[in-house]
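Encoded as structure tokens, the structure appears first; notes follow it.
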Amino acid sequence: MSDLGAALEDKTVDAGGAPIVELIDIGKSYGNVHALRGVDLAVRAGEVTCVLGDNGAGKSTLIKIMAGLHDYTSGRMLVEGAQTHFRSPRESLEAGIATVYQDLALAPLMSVWRNFFLGKEIRGALGLMKTDEMKRITGDELSKMGIVIPDLDRPVGALSGGQKQCVAIARAIYFGAKVIILDEPTAALGVKQSGVVLKYIVKARDAGLGVVFITHNPHHAYLVGNRFLVLKLGGVALDKQRADLTLDELTAQMAGGQELEELSHELRELDTDPRRPDADRA
């Protein structure tokens, strides 16, 4: 078993407890267009909730509601038990919900430590930045995530994709996040770098955070997830705990299941190329 697989098996438990964030029958409409309909989602400390779906499934709308970019139009969102409407991303962040988008919002030409404290610099009495203190904290927090960057003065743009994700995740944890929403963090990465990011997701979960992992990759989701929600056309197509779901079932759901089988049947009927081994013969 891989290190990542072992980490998952060691901690694949029901974290229990009340949800930090709970969406109940959430819907979002833009005029006559329903982007989300009847979505239930509970984010608990020490769990990874994977939200999967194809393009247009509603994943982005779900993120924007939780991140304070859009308000929901039906249902309820509870944050630590209280019904909440976020009016801005700042309110979401102040409630302990940090969103790490695919583009990461990092300044590539600035150093690692400057990016870590970007907008939250530690300053002395005269307004001067406490550079040494910020470098020390940055190094310590990255080490907690299992990553060592010897030169924190190097531009963050020189880091690998997985290291950049780690900086963003560690920053969110340090500044008090209780829930981290990760928007397709492995989408643009190769196999090795994706593995690095998945390990950081496990570390964030094991640190007691609630993690929402948005992805279209069922294999990545199944490696680290505790609960799985598959969206299709704005609705919930699947909602299961890991113990009640196999990777094959999750993959089939993502691949289209019955729709894919129907398409395959239609293509076989259309394809009469005699060179194809199973083509119909006259």
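Residue-by-condition table, conditions (1) in contact (Cβ under 8 Å) with a residue 60 or more places away in the chain; (2) in a strand (DSSP E or B):
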site	(1), (2)
Asp25	no, yes
Ser29	no, yes
Arg37	yes, yes
Gly46	yes, no
Thr49	yes, yes
Asp54	yes, no
Tyr72	no, no
Phe86	no, no
| said: Between a residue in the range 138-161 that is under 20 Å from Val202 (Cβ atoms) and any residue that is basic (Lys, Arg), which pairs come within a Cβ distance under 8 Å, given they are 6 or more apart or on different chains? | reply: Glu141/Arg171; Lys144/Lys203; Met145/Lys203; Gly146/Lys199; Gly146/Lys203
| request: Take the residues in the range 229-246 that are of a type in the set (D, E, K, R) and in a strand (DSSP E or B), then tell me which one is nearest to Val33 (Cα to Cα). | output: Lys232
| field | Filtered residue count, the range 126-167, keeping only those that are of a type in the set (D, E, K, R) and assigned to a helix (DSSP H, G or I) | value | 8
| Within the range 164-219, which residues are surrounded by fewer than 18 Cβ atoms within 10 Å (Cβ to Cβ) and among the β-branched types (Val, Ile, Thr)? | Val191
| field | Answer residue from the range 89-138, given it is farther than 22 Å from Ile173 by Cβ and among the small types (Gly, Ala, Ser) and is surrounded by the fewest Cβ atoms within 10 Å (Cβ to Cβ) among those | value | Ala125
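FYI, it's all coordinate maths here, none of it is from the lab. These figures come from a predicted structure and were not determined experimentally. For neighbour counting, all protein chains shown are included, and Cβ atoms are generated from backbone atoms with ideal geometry for every residue, glycine included.
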